[in-house]
1. Within the range 138-145, is there a residue that is under 13 Å from the mean Cα position of the chain (by Cα), assigned to a helix (DSSP H, G or I), on the phi < 0 side of the Ramachandran plot and in contact (Cβ under 8 Å) with a residue 60 or more places away in the chain?
2. Taking the condition of being out of contact with any Leu (no Cβ under 7 Å at 6 or more places or on another chain), small (Gly, Ala, Ser) and closer than 17 Å to residue 160 by Cβ, how many residues in the range 176-210 meet it?
3. Listed residues 177, 208; which is farther than 21 Å from residue 117 by Cβ, out of contact with any Cys (no Cβ under 8 Å at 6 or more places or on another chain) and of a type in the set (S, T, N, Q)?
4. With (1) under 20 Å from residue 111 (Cβ atoms); (2) touching a residue at least 24 places away in the same chain (Cβ under 8 Å) as the list, and residue 194 as the residue in question, which single condition is left unmet?
5. Quickly run through the range 137-153 and pick out the residues that are under 24 Å from residue 178 (Cα atoms) and surrounded by fewer than 16 Cβ atoms within 10 Å (Cβ to Cβ).
6. Looking only at residues in the range 154-188 that are modelled with pLDDT under 95 and surrounded by fewer than 13 Cβ atoms within 10 Å (Cβ to Cβ), which one is nearest to the chain's Cα centre (by Cα)?
7. Just for the range 177-226: of the residues that are in a loop (DSSP other than H, G, I, E, B) and of a type in the set (A, V, I, L, M, F, W, C), which one is farthest from residue 89 (Cα to Cα)?
8. Looking only at residues that are in a helix (DSSP H, G or I) and of a type in the set (S, T, N, Q) in the range 92-136, which one is surrounded by the most Cβ atoms within 10 Å (Cβ to Cβ)?
Amino acid sequence: MNGDLQIGSIVFFAIVVLFLIFRLRGVLGRRTGQERYRDPFAQRSAAPPARTPMPGTPTEGRGPIIEGTATPASEPAPLGAGLARLKAADRGFDERAFLKGARGAFEIIVNAFAAGDTAALKPLLSGEVYGSFATAIQQRVTAKETHETNLMTIKDCDLVQVGLESSVAYVTVKFVSDQVNVTRAADGKVVDGDADRVVEKTDFWTFSRDIRSRDPNWQLVATRSG
């Protein structure tokens, strides 16, 4: 009798784990298209500014920051209006489920970037963003540096902009987190950051998905720091 109960419990928890994995993949995930990012909040007539330094530069704390390539509109649509438009076009969109997935993706991406784990990064990033992250990781390898990130806590995770361009949805999320970041040379000497200092970071990440696609997954298409 006890044996049957134990087997039943194991099967139940296995089903729960599989369900949670499926939900995360379904919110943020696994397209591998090479489409370029177009900011739905941008003025179409404005010329794009010069790209900011790649992640890995001291001015960015050697973190995964890829700025958007378009000039922000001076009068972006209110969040409520953008969210209502997206929900009208995609009735399956649930902001609470999305933010839960975005939070999980933030943790995975920040930790994978620090560890240099390109295999973990690739399914979650657009082609352009993945290329930038991979280049920064390779630069660290070439310099024989290692990067350590301790993501202490995510204090805030909120929607700030929602846009729809044709059938492509863009959702920007503001993350406020406490992190400890340090980069070391091959001899262990600290070349950037402080292993004993907790820093509050504010990041804005934009995720995108074609709502007409059968693929329910979202990808990170742009980031910027606050």
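1. Looking only at the range 138-145, we keep the residues that are under 13 Å from the mean Cα position of the chain (by Cα), and these are none.
No: zero hits.
2. Within the range 176-210, residues that are out of contact with any Leu (no Cβ under 7 Å at 6 or more places or on another chain), small (Gly, Ala, Ser) and closer than 17 Å to residue 160 by Cβ number 1.
3. 208
4. Answer for residue 194: the failing condition is (2).
5. Of everything in the range 137-153, those that are under 24 Å from residue 178 (Cα atoms) and surrounded by fewer than 16 Cβ atoms within 10 Å (Cβ to Cβ) turn out to be 148, 150, 152, 153.
6. Among those residues, the one meeting the criterion is 167.
7. Once the filter is applied, the top-ranked residue is 186.
8. Result: 132.
The values are calculated or read from the model by the stated rules, or taken from the named source; none is laboratory data. Predicted model, so just to flag it, every value in this text is computed and none were measured. Note that we place each Cβ from the backbone using ideal geometry, even for glycine, and neighbour counts take in every protein chain shown.
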